[in-house]
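Below is one structure; the comments refer to it alone.
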Amino acid sequence: MLKRIFFSLFLGMVLTLPSLDAMAKTKQIYMVVWRGCEDACRGFKEYFSERGLDVEITVRDANRDKDVLADFVTEAMEIKPDLVVTWGTSTSRGMIGPYDTETPEKFLSGIPSLFMIVADPVGAKLIREYSSSGREFVTGTHNRVPEDVQIRAIQTYLKADRIGLAYNNDELNSVLNAQKLQKLADELGFELVAKAVSVDENGQPDKQSLVTMVDEFKKEKVDIIYVGSSSFITSNRDIFTQAALDARIPVAAGSEIFVRNSHALLAVANRYYNIGQLAGLQAEQVIFKGKKPIDVEVRSLSRYSFIINMDTARKLEKFPPIQLLRFADLVNK
């Protein structure tokens, strides 16, 4: 009798456990990036390879074209991966959609989703708050160092009473950044000179207008040009920062790539590779540990990097104060 009871209990436990095949199943991740698989994308991929976690990652590149996102939504809904990962505000808005959308049928539904490289997910209406997205299938990371931290850091480097802001009206994250800077101007006691990227005859952002923009900033005698969040300006950073260097105007950025791979003077930023690793950690919580996305906090990195391009500093003759040299990350020394 006891043997029968124990056998029944054992059989019940076995039947309620996932099969070995199910536990060993390769997890499918569908990733949509905005401008190629860069450092955050690589950091995300390497998170899993470094830990020996069995995932297959399908990457789709929007190549800065919002019109293709609807096709990616359709494909993801057909594939039904274990997780969809979206890179950037435009991509995430186009795939996940805002929480108050009146057309939910245009966006992902019923599939766990994780966004990364989104500067202001609350302002973009991807989530309701950081402790919990308020959306059953959504979590993510936010990457922008707070604007007030960036401006204060800039002002520890050099006198900046007039700050030029370059932004792109075609990118929600860039517009939200501009709005926050405008509010900070009075609070921190600086004058903001904001200029948006011009568009060409087809209504698309015009990269040649970036040179004209720098000329306008020079005429208005700004102390420094700040670029907070714009994929368009990032993609055309060499044109922009070289024009600023020629005009002898320093550029500060909210992204390390302007300093490491172009001619900006300084950046106060989170490293994209590390953000990708953080997104990998969150993805693991969802697809391997069974957490619901709504229960995974939308996180950011707790440490920022102060990055200085010493080659640009020499050319502009604007060297960092001694106190910054103690902890800054110096490139092109």
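The values are calculated or read from the model by the stated rules, or taken from the named source; none is laboratory data. What you see is a predicted model, and the numbers here were worked out from it, not measured in a lab. Virtual Cβ from ideal backbone geometry, glycine too; neighbours counted across all protein chains shown. What goes into the accessible areas is simple: the full protein's heavy atoms, side chains included, and nothing from ligands, DNA or RNA. Shrake-Rupley method; radii C 1.70, N 1.55, O 1.52, S 1.80 Å.
Counted over the chain, the DSSP beta bridges are approximately 10% antiparallel.
Counting only protein heavy atoms and a probe of 1.4 Å, the accessible surface of the chain is 49% carbon and sulfur. When all alpha-carbon pairs of the stretch 126-169 are counted, what percent fall beyond 12 Å? When every Cα pair of the stretch 126-169 is considered, 73 percent fall beyond 12 Å. Starting from a Cα-only point model with no solvent, please compute log10 I(q)/I(0) by Debye for the stretch 88-221 at q = 0.15, 0.19, 0.22 1/Å. Here the Debye-derived log intensity ratios amount to -0.85, -1.11, -1.26. For the options LYS207, LYS25, LYS195, a Gaussian network treatment of the chain with springs between C-alpha atoms closer than 10 Å singles out LYS25 as fluctuating the most. Summarised in one figure, the compactness ratio Rg/Rh of the stretch 24-73, Cα atoms and Kirkwood Rh, is 1.04.
Ordered by 1.4 Å accessible area with all protein chains kept, ILE322, ILE117 run largest first as ILE322, ILE117.
Probing with 1.4 Å while keeping every protein chain in the model, the per residue accessible area of the stretch 24-113 equals 47 Å². Given in Å, the Rg to one decimal and the Dmax to the nearest whole number for the Cα atoms of the stretch 224-291 are 16.0, 54. Over 28 Å apart at the Cα level, from the set LYS125/LYS183; LYS66/LYS218; LYS218/LYS318; LYS45/LYS80, are LYS66/LYS218.
Once Rg and the Kirkwood radius are both taken over the C-alpha atoms of the stretch 17-140, their ratio Rg/Rh works out to 0.97. The modelled label-to-label distance between ASP65 and ASP148, using points 7 Å beyond Cα along the C-beta direction, is 4.3 nm. Within the stretch 94-127, name every residue whose backbone N is under 11 Å away from a label modeled 7 Å from Cα of MET77 along the Cβ vector. Counting only backbone N, you get 104-110. For LYS218, the accessible surface of its heavy atoms amounts to roughly 110 Å² (probe 1.4 Å, protein chains only, rounded to the nearest 10). Comparing VAL222, VAL32, VAL68 in a Gaussian network model of the chain, where Cα atoms under 10 Å apart are tied by springs, the biggest mean-square fluctuation is seen for VAL68. The shape of the stretch 154-252 can be summarised by an equivalent ellipsoid whose semi-axes, obtained from the alpha carbon gyration tensor, come to 21, 16, 11 Å from longest to shortest.
With the charge dipole of the stretch 27-118 set up from +1 on Lys and Arg Cβ and -1 on Asp and Glu Cβ about the Cα centre, the Cα lying farthest toward the positive end among the listed residues THR86, ALA70, TYR47 is that of TYR47. A Förster radius of 35 Å combined with the Cβ-Cβ distance from LYS291 to ILE322 puts the calculated FRET efficiency at roughly 0.15. A probe of 1.4 angstrom, applied to the heavy atoms of all protein chains, finds LYS106 with accessible area near 130 square angstrom. Look at [x] 5, 24, 31, 25, 12, 3, 0; [y] 5, 17, 16, 16, 17, 16, 12, 2, 0; [z] 5, 24, 30, 21, 11, 4, 2, 1, 1, 0: the one that is P(r) over Cα pairs in 10 Å bins from 0, in percent derived from this structure is [z].
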